[in-house]
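To keep things clear, I will list the structure first and then write my remarks on it.
The values are calculated or read from the model by the stated rules, or taken from the named source; none is laboratory data. Being a predicted model, the structure only gives us computed values, none of them experimental. Glycine also receives a Cβ, built like all others from the backbone with ideal geometry; neighbour counts cover every protein chain displayed.
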Amino acid sequence: MEKRILTGDRPTGRLHLGHFVGSLQNRVRLQHEYDTYILIADVQALTDNFEHPEMLRQNVFEVALDYLAVGLDPERVKIVVQSMVPELAELTIYFMNLVTVATLERNPTVKEEIKQRNFKRGVPVGFWSYPISQAADITIFKAHLVPVGEDQLPMIEQAREIVRRFNGLYGKVLIEPRAMLGTVARLPGTDGGAKMSKSLNNCIYLSDPPDTLRKRVMSMFTDPTRIHPTDPGHVEGNPVFTYHDTFNPDKAEVEELKERYRKGTVGDVEVKQKLHAALDAFLAPIRERRAQYESTPARVREIIMEGTRKARAVAQQTMDEVRSAMKLSYFE
Ligand code: ATP
Ligand code: MG
């Protein structure tokens, strides 16, 4: 059997540079080696957006456009809408018996996200237990590899534990997935925060038009200890330089800027202008491909429907095996 990839994104907004280096880049690189399933995780996104389901509706389409824009090949990759594969909900229920409350409570990423979200009426059970439904997402497609950012490592570990437990109890049906981190495991935000994240408003989006990109870059957080361009500055931990390292292919230029920054012989404006130029060149082909697909929305819808249909067939097959292993196929 051809090895599989499963990964995905929540349709809570358009995709950004963090998604690119954390996961999209690996998906594009590996799409011809692996049978690839990319999940638009609307059910997961509902867990903290259930009061605004209309927001997900538009973003399902936007996220699919971003996938196509970065070069995922619709002939090859299955783009899948989570809520249209109801077998995922069934597997989630079975998995719930295999995880303890204590384990869920220890998940460091969920803990952090709960703090960020500041749920007013308490933490919804759906949100708190999303690592379980994510394990169902990964395992229903029997994925070997899951390209993700660093924040998702506890989720993959949780999925692995569930698989070991399931296979131990019921027989070897599921595959233990492996995480694969991107070139940057966690890209910082434009505000200098630890993670660029749709929910934190500190993003540069893959679809940002040139003028928006310029504004976002020119207003980026830099070295707060530096007041004048003649002050020696800090390069480490400075997101402008992190982005230079990641997206500027001219390494000599980056080294020269760093040296001058440390000495206090270059201003933030010049460093940012050069970053803007590099990012603009990086985003240009992505914007162009996006515009092509935006002009054929019926084609994009068809790609999503077709990907979901193929994925659902795989999910149904796995669920037959799961029910039979769990001795739930009473009348066969
Ligand atoms: P939200 O704030 O709604 O959770 P998000 O920006 O965290 O959105 P997700 O859809 O949760 O995006 O994440 C999708 C994938 O992108 C995951 O694999 C995640 O690890 C990865 N990812 C997201 N942000 C970053 C980042 N800043 N650096 C590296 N990888 C990232
Ligand atoms: Mg997230």
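Brief remarks on what is shown
- Hey, Ala179 surrounded by fewer than 22 Cβ atoms within 10 Å (Cβ to Cβ), without any contact (Cβ under 8 Å) to a residue 40 or more places away in the chain and either of a type in the set (Lys, Arg) or within 16 Å of ligand 2 (Cβ to nearest atom) (or both) or not: yes
- So Gly71, is it in the same structural domain as Glu150 (by TED's automatic domain parsing) and within 10 Å of ligand 1 (Cβ to nearest atom): no
- Listing of helices (runs of 4 or more DSSP H) fully contained in the stretch 1-91 that carry 2 or more residues being surrounded by 23 or more Cβ atoms within 10 Å (Cβ to Cβ): 42-46, 53-69
- Filtered residues of the stretch 141-176 (kept if closer than 30 Å to Thr242 by Cα, within 16 Å of ligand 2 (Cβ to nearest atom) and not acidic (Asp, Glu)): Val146, Pro147, Val148, Gly149, Gln152, Leu153, Pro154, Met155, Ile156
- Top-ranked residue of the stretch 189-214 - restricted to ones that are in a loop (DSSP other than H, G, I, E, B) and among the acidic types (Asp, Glu), ranked as nearest to ligand 2 (Cβ to nearest atom): Asp191
- Pick from the stretch 112-132, criterion of a type in the set (Phe, Trp, Tyr) and more than 12 Å from ligand 2 (Cβ to nearest atom), ranking: modelled with the lowest pLDDT: Phe119
- Among the residues making up the stretch 275-295, those that are of a type outside the set (A, V, I, L, M) and more than 16 Å from Asp250 (Cα to Cα) are Pro285, Arg287, Glu288, Arg289, Arg290, Gln292, Tyr293, Glu294, Ser295.
- The requirement of being more than 16 Å from ligand 1 (Cβ to nearest atom) and either surrounded by 12 or more Cβ atoms within 10 Å (Cβ to Cβ) or over 20 Å from the mean Cα position of the chain (by Cα) (or both) is not satisfied by Phe119.
- Filter result for Arg312 (charged (D, E, K, R), assigned by TED's automatic domain parsing to the domain that holds Asp42 and surrounded by 14 or more Cβ atoms within 10 Å (Cβ to Cβ)): yes
- Single condition Ile204 does not satisfy, out of (1) crowded, with 17+ Cβ neighbours inside 10 Å; (2) over 24 Å from Asn59 (Cβ atoms): (2)
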